[in-house]
Amino acid sequence: MTFMEVKHLKKIYTSKLGSKGTEALKDVNFSVEKGEFISVMGESGSGKTTLLNIISTLDNATEGEVYLDEQALSAIKDKKISKFRREQLGFVFQDFNLLDNFTLKDNILLPLVLSRKSVEEMEGALEPLVKRLNIEDLMNNYPYEVSGGQKQRAAVARALITRPKIILADEPTGALDSKSSQNLMEILSDVHQNGQTILMVTHSARAASYSSRVLFIRDGQVYHEIYRGDKEPDDFIDSISQSLLVSSKGSV
Amino acid sequence: MKNSFFTKMAWRNIQSNGKLYMPYVISAVLSVALFQMMASLMTNDFVRQRSVTLPTLFGMGTVVIGLFSLIFIFYINSFLMKRRKKEVGLYSVLGLEKRHVANILIIESLILSGASIFVGILTGIVFGRLNFLILNYLLRLPDAMSYSTSWKMTGITVLLFTGIFTLTLIYNIIQVTLSNPIRLLKGSKEGEKEPKSSPILFVIGLLSLGAGYYISLTIDNPISVLNQFFVAVLLVIIGTYLLFTAGSIIVLKALKRNKVFYYKPGPFISISGMLYRMKQHAAGLANISILSVMVIIAVSTTITLYAGTEETLENRFPEENNLTIRTDENMGSRELEETVNTIQDDLKSLSSNKGYKMTDQYFYRYTTLFGKLKDKEIVFGNFNFTSDAPTMVMIIPLEDYNQLSNKSIELNDHELLYHKSDEKLKGDTLTLFETTYDLREINQMPENLIGSNNIVDTLLLVTPDNSTLDTFLNHHNNAFPQRPNSLTADIYWSLKDDQTDEAYSGLIQERLREADYPVETAYESRDANRAEWYSINGGFLFIGIFLGGLFTIGAILITYYKQISEGYEDRNRIQIMQKVGLDKKTTKQATKAQVFWMFSLPIFTAAIHTAFAYPIVQKLLVLFNIYNNKLFLGITVGVVLIYSLIYWIIYRVTTKKYLNIVE
């Protein structure tokens with residue numbers, strides 16, 4: 001079953017001064033099945049962040065459409081967009097985007113508070129989640145008191161707590177050391193095992209190797225994709241590296 | 001590297017960071033101008049002639065403003081540096097050594113502080129003069145005030161602010177040198193520790209505030225008001241600071257612990273936001289509160305003084321003309337009465353000869369002794385007035401009392417009438433000079449006596465006859481021959497249709513000089529005093545409004561800066577929350593609630609302070625012969641309302657700026 005569909009997505013950035021715009025996305029097409037864990041890989045400037053921003057409803061496409069569960073994202077009214085983002089999407093950012101004035105607990109609860117859920121409901125959702133992410137002892141700490149890996153785990157908890165349809169992760173391991181990265185990817189992989197759909201943008205072949213499918217994007221177009229199938233991450237990483245190598249050669 | 005390079009660099013920084021520097025420079029300029037004007041006022045001839053205590057008061061005010069300036073400039077500097085750390089970090093990364101960075105900072109600071117001081121002094125000079133011109137025009141006082149810029153004080157201003165700016169520069173350089181480039185690069189994003197709640201400071205604050213309020217509420221003796229007023233003010237200032245810093249955090253944390261209340265979008269965002277910034281902003285809020293109280297009190301008391309001038313005159317001079325007659329200790333009350341009658345007849349015939357018609361002519365005789373009440377006895381003697389004020393005892397004969405109060409009370413030989421405004425005497429007998437009398441209380445002091453007896457709580461005694469009064473006086477003079485007391489008589493009269501004028505006063509004074517009465521005479525007319533009182537009270541009004549203006553500018557400055565700096569701090573937070581799903585409407589609600597509380601807290605505090613200051617200030621006014629509580633209350637309420645309106649306008653304007661920054 002197609003869960004999310006990206007159709008003929010095109011994005012042109014126009015600056016105020018220049019009449020000619022920059023084409024960030026040319027014609028992106030792909031679909032996501034429910035429960036898939038997809039990585040989007042590409043070099044800087046390939047358009048992967050633009051793609052993610054459009055799927056996140058943080059940016060609008062120039063042409064084309066994104067459907068999530070048969071809902072066209074561009075058709076969602078401005079007033080509803082925040083609610084949609086809060087309830088249907090979960091975000092994990094490269095620089096965590098945790099708020100320093102909230103404890104980790106409050107940071108994680110933020111989307112639920114904004115949805116006006118009751119305190120019991122919130123705490124009920126919080127407890128198993130943070131136990132699974134192994135940050136239950138840090139709930140009363142502030143973001144500046146914990147390590148990067150712990151911050152990112154809290155961010156993942158914040159993304160998961162609303163039971164979103166899809167998790168959108170933007171370079172989640174970008175600011176982490178290798179050990180924390182691995183730990184985080186294991187967590188995401190575990191989340192995926194439990195049926196969560198995830199779309200991740202990343203530079204790192206190692207991070208991508210935890211996903212079930214990798215899309216390669218270049219010059220605003222998806223030019224290649226590989227499935228992991230039954231491969232172990234360690235084997236999958238070789239295929240990814242090879243694909244990357246081919247693509248860099250191809251682009252020369 | 002050459003200095004010209006650094007200069008260019010510094011100059012370019014200032015230009016490209018205009019948005020950050022503009023509020024900084026404006027605030028610094030106004031601080032300098034405020035201080036310069038306040039200090040100049042201290043040495044101003046106009047102020048010095050007004051009253052002996054005023055320069056001292058202004059000296060205190062100047063010190064307070066100086067301290068405010070120091071705190072305030074440090075506050076805006078730290079805000080500036082926080083935002084600029086990234087830039088400084090970048091320099092280091094690009095290869096500038098720390099001393100090079102320091103060089104840039106020094107040159108920047110030279111330009112900025114030099115400009116601020118120069119423009120500030122200029123503003124002070126121009127604004128001070130302009131203010132005086134406008135106020136002179138508006139108030140149209142009998143004699144115009146002159147404003148002179150004191151060059152000595154201007155010099156002190158320059159020195160002080162050079163000092164303050166140097167301190168901030170040193171602080172900045174130390175900050176930059178101590179931290180490494182990476183930390184600097186992340187500087188403006190670095191988290192700040194959550195403020196700790198400190199119950200001890202909170203309790204001290206409560207006690208201090210309570211003590212200040214208590215002094216104000218319980219003060220009954222206007223003479224000691226002046227000393228205690230400053231103690232009370234100091235206690236309230238300390239209390240305000242502590243309550244804002246410690247109390248706000250305790251309250252916010254308590255709210256946070258209430259889960260059902262806290263975990264809702266509005267409170268969630270605003271409480272955490274306020275808690276996060278309280279550490280830096282509590283002092284700012286306390287400053288605004290205190291400045292606001294100062295504005296309200298300065299303006300409302302001086303307006304009351306001015307508006308109550310006519311009343312003051314009527315209290316001091318119940319009739320248009322007042323002649324006080326002093327005898328020596330050998331003259332008895334009977335003899336004094338005869339003399340008074342002679343003088344009254346003389347004045348009457350003189351007046352009617354010159355075509356004036358006297359009305360309401362009356363007099364009363366009295367003597368004033370200082371004694372101490374001990375249970376049912378009064379002991380007279382020498383007292384130390386400063387530490388332990390004795391009771392003033394005013395004694396008048398029944399005959400004169402009945403005439404004054406239009407009554408026909410009769411007393412037998414061992415009875416006395418008494419009145420004491422602040423307390424009832426214990427028991428129904430009183431012993432003086434070893435004779436015991438039965439007491440009867442009078443409910444109301446005759447109106448003519450209120451004016452001269454309100455400052456100190458006087459014990460009024462009415463003797464059954466003249467001889468009793470003479471006996472008391474003789475007893476007293478025998479006991480203290482080195483400080484004999486004598487009788488006084490006050491004669492009052494008005495003329496038909498308020499005819500008393502300079503010509504009439506001159507006539508009376510001439511007659512008093514020429515006639516050879518066996519007593520001392522002192523003549524005063526209400527009319528002649530009117531111009532002088534209006535000039536004095538007008539001067540106070542002038543100073544009050546000037547000060548009110550200065551303090552208002554101070555409050556506006558802090559508010560403006562707070563809003564802008566908070567806007568920049570909150571922008572990042574709000575953006576993150578919007579990414580996670582905070583909608584615009586909730587953003588607006590939450591930020592508005594937050595801004596509203598940050599705004600209304602100081603004005604509420606100011607209003608409460610004013611309410612509690614009311615009794616002590618009212619006693620202060622009594623010293624200036626203002627007894628009209630309704631007038632003072634009305635004016636105070638009016639001033640509070642007008643000030644709130646001004647504050648509300650500032651709030652609207654700065655909130656707009658804040659929301660613009662945040663969104």
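The values are calculated or read from the model by the stated rules, or taken from the named source; none is laboratory data. Since the structure is predicted, the reported quantities are computational estimates derived from the model, not experimental observations. Positions of Cβ are generated from backbone atoms using ideal geometry, with glycine treated the same way; all protein chains shown enter the neighbour counts.
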From the residues in region B:205-221 that are more than 16 Å from the chain's Cα centre (by Cα), part of a helix (DSSP H, G or I) and of a type in the set (S, T, N, Q), which one is surrounded by the most Cβ atoms within 10 Å (Cβ to Cβ)? B:SER208
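What do you reckon, is A:GLU70 touching a His at 6+ places or on another chain (Cβ under 7 Å) and farther than 30 Å from B:ILE271 by Cβ? Explain how you work it out, then say what you get.
Numbers: touching a His at 6+ places or on another chain (Cβ under 7 Å): no; farther than 30 Å from B:ILE271 by Cβ: yes.
For A:GLU70, the condition - touching a His at 6+ places or on another chain (Cβ under 7 Å) and farther than 30 Å from B:ILE271 by Cβ - is not met.
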Regarding region B:571-582, can at least one residue be identified that is surrounded by fewer than 23 Cβ atoms within 10 Å (Cβ to Cβ) and more than 14 Å from chain A (Cβ to nearest Cβ)? no
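Going through B:GLY548, B:GLY539 one at a time, which residue ends up being within 24 Å of B:PHE632 (Cα to Cα), more than 14 Å from every other protein chain (Cβ to nearest Cβ) and at pLDDT below 80? Even if it seems obvious, please write down each step before you answer.
On the way: B:GLY548 fails: at pLDDT below 80.
Testing whether each residue is within 24 Å of B:PHE632 (Cα to Cα), more than 14 Å from every other protein chain (Cβ to nearest Cβ) and at pLDDT below 80 leaves just B:GLY539.
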When A:SER39 is evaluated against the numbered criteria (1) within 14 Å of another protein chain (Cβ to nearest Cβ); (2) in contact (Cβ under 8 Å) with a residue 60 or more places away in the chain; (3) within 15 Å of A:ILE167 (Cα to Cα), which criterion, by number, is the only one it fails? (1)
Show the residue pairs that are 6+ apart or on different chains and have beta-carbon atoms under 9 Å apart, the first residue being within region B:617-635 and assigned to a loop (DSSP other than H, G, I, E, B), the second being of a type in the set (Asp, Glu) and surrounded by fewer than 17 Cβ atoms within 10 Å (Cβ to Cβ). B:ASN625/B:GLU311; B:ILE626/B:GLU311; B:TYR627/B:GLU311; B:ASN628/B:GLU311
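Residue check: is A:ILE198 touching a residue at least 60 places away in the same chain (Cβ under 8 Å), surrounded by 21 or more Cβ atoms within 10 Å (Cβ to Cβ) and away from chain B (no Cβ under 13 Å)?
Details: touching a residue at least 60 places away in the same chain (Cβ under 8 Å): yes; surrounded by 21 or more Cβ atoms within 10 Å (Cβ to Cβ): yes; away from chain B (no Cβ under 13 Å): yes.
In short, yes.
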Test A:ALA75 against the criterion of being more than 30 Å from A:VAL246 (Cα to Cα) and modelled with pLDDT under 90, and give yes or no. yes
Single match in B:PHE261, B:PHE244, B:PHE229 (criterion: of a type in the set (A, V, I, L, M, F, W, C), in contact with a helix residue (DSSP H, G or I) (Cβ under 7 Å, 6 or more places away or on another chain) and farther than 20 Å from B:ALA611 by Cβ): B:PHE261
Inspect all residues belonging to region B:476-491 and state whether any of them is in contact (Cβ under 8 Å) with a residue 24 or more places away in the chain, under 14 Å from B:ILE396 (Cα atoms) and among the acidic types (Asp, Glu). yes
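Is it true that some residue in region B:247-256 is without any contact (Cβ under 8 Å) to a residue 12 or more places away in the chain and surrounded by fewer than 23 Cβ atoms within 10 Å (Cβ to Cβ)? So that I can check it myself, show each step before the final result.
If we filter region B:247-256 for residues that are without any contact (Cβ under 8 Å) to a residue 12 or more places away in the chain, which is where we start, we get B:251, B:254.
Cutting the leftovers down to surrounded by fewer than 23 Cβ atoms within 10 Å (Cβ to Cβ) gives us B:251, B:254.
The answer is yes; a qualifying residue exists.
So for region A:120-128 (the condition being over 18 Å from the mean Cα position of the chain (by Cα), more than 14 Å from every other protein chain (Cβ to nearest Cβ) and crowded, with 21+ Cβ neighbours inside 10 Å), does at least one residue qualify? Can you show your working first?
From region A:120-128, those over 18 Å from the mean Cα position of the chain (by Cα) are A:120-128; that's our starting set.
With more than 14 Å from every other protein chain (Cβ to nearest Cβ) added as a condition, the list becomes A:127-128.
Pick out the ones that are also crowded, with 21+ Cβ neighbours inside 10 Å and you get none.
Looking for residues that are over 18 Å from the mean Cα position of the chain (by Cα), more than 14 Å from every other protein chain (Cβ to nearest Cβ) and crowded, with 21+ Cβ neighbours inside 10 Å, one finds none in region A:120-128, hence no.
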If I filter region B:460-482 for residues that are buried (at least 20 other Cβ atoms within 10 Å of the Cβ), closer than 30 Å to B:LEU226 by Cα and at pLDDT 80 or above, do I get at least one hit? yes
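Find the residue count for region B:467-502, including only residues that are hydrophobic (A, V, I, L, M, F, W, C) and over 23 Å from B:HIS414 (Cα atoms).
Going residue by residue through region B:467-502, those that are hydrophobic (A, V, I, L, M, F, W, C) are B:469, B:472-473, B:479-480, B:487, B:489, B:491, B:493, B:495.
Then drop every residue that is not over 23 Å from B:HIS414 (Cα atoms), which leaves B:480, B:489, B:491, B:493, B:495.
The number of residues fulfilling the criteria is 5.
When region A:165-179 is examined, which residues are found to be more than 16 Å from A:ILE38 (Cα to Cα) and in contact with an Asp or Glu (Cβ under 9 Å, 6 or more places away or on another chain)?
Just the residues of region A:165-179 that are more than 16 Å from A:ILE38 (Cα to Cα), to begin with: A:174-179.
Within region A:165-179, A:GLY174, A:ALA175 meet the criteria.
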Output yes when any residue across region B:597-616 is within 14 Å of chain A (Cβ to nearest Cβ) and either assigned to a loop (DSSP other than H, G, I, E, B) or in contact (Cβ under 8 Å) with a residue 24 or more places away in the chain (or both), and no when none is. no
Is there any pair with a first residue in region A:131-151 that is closer than 15 Å to A:PHE93 by Cα and a second that is surrounded by fewer than 18 Cβ atoms within 10 Å (Cβ to Cβ) and charged (D, E, K, R) whose Cβ atoms are under 9 Å apart and which are 6 or more apart or on different chains, and what are they? A:GLY148/A:ASP177; A:GLY149/A:ASP177; A:GLY149/A:LYS179
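Quick one: which strands (runs of 3 or more DSSP E) sit completely within region B:437-541 and have at least 2 residues that are of a type in the set (Gly, Ala, Ser) and in contact with a strand residue (DSSP E or B) (Cβ under 9 Å, 6 or more places away or on another chain)?
Numbers: elements: B:458-463, B:488-495, B:520-525.
In region B:437-541, the matching strands (runs of 3 or more DSSP E) lie at B:488-495, B:520-525.
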In region B:585-600, how many are within 17 Å of B:ILE649 (Cα to Cα) and buried (at least 19 other Cβ atoms within 10 Å of the Cβ)? 3
Candidate set: region A:55-96, residues that are closer than 18 Å to B:GLN578 by Cα, outside any helix (DSSP H, G or I) and of a type in the set (Ser, Thr, Tyr); chosen: the one nearest to the other protein chains (Cβ to nearest Cβ): A:SER56
List the helices (runs of 4 or more DSSP H) inside region B:222-265, counting only whole elements, that have at least 3 residues being under 19 Å from B:ILE603 (Cα atoms). B:222-242, B:248-257
Please work out which one of (1) at pLDDT 80 or above; (2) within 17 Å of B:THR559 (Cα to Cα) is the condition B:TYR75 fails and give its number. (1)
Report, by residue number, each residue of region B:337-370 that is in contact (Cβ under 8 Å) with a residue 24 or more places away in the chain and either over 48 Å from the mean Cα position of the chain (by Cα) or within 16 Å of B:ALA515 (Cβ to Cβ) (or both). B:THR339, B:VAL340, B:THR342, B:ILE343, B:GLN344, B:ASP346, B:LEU347, B:LEU350, B:SER351, B:LYS354
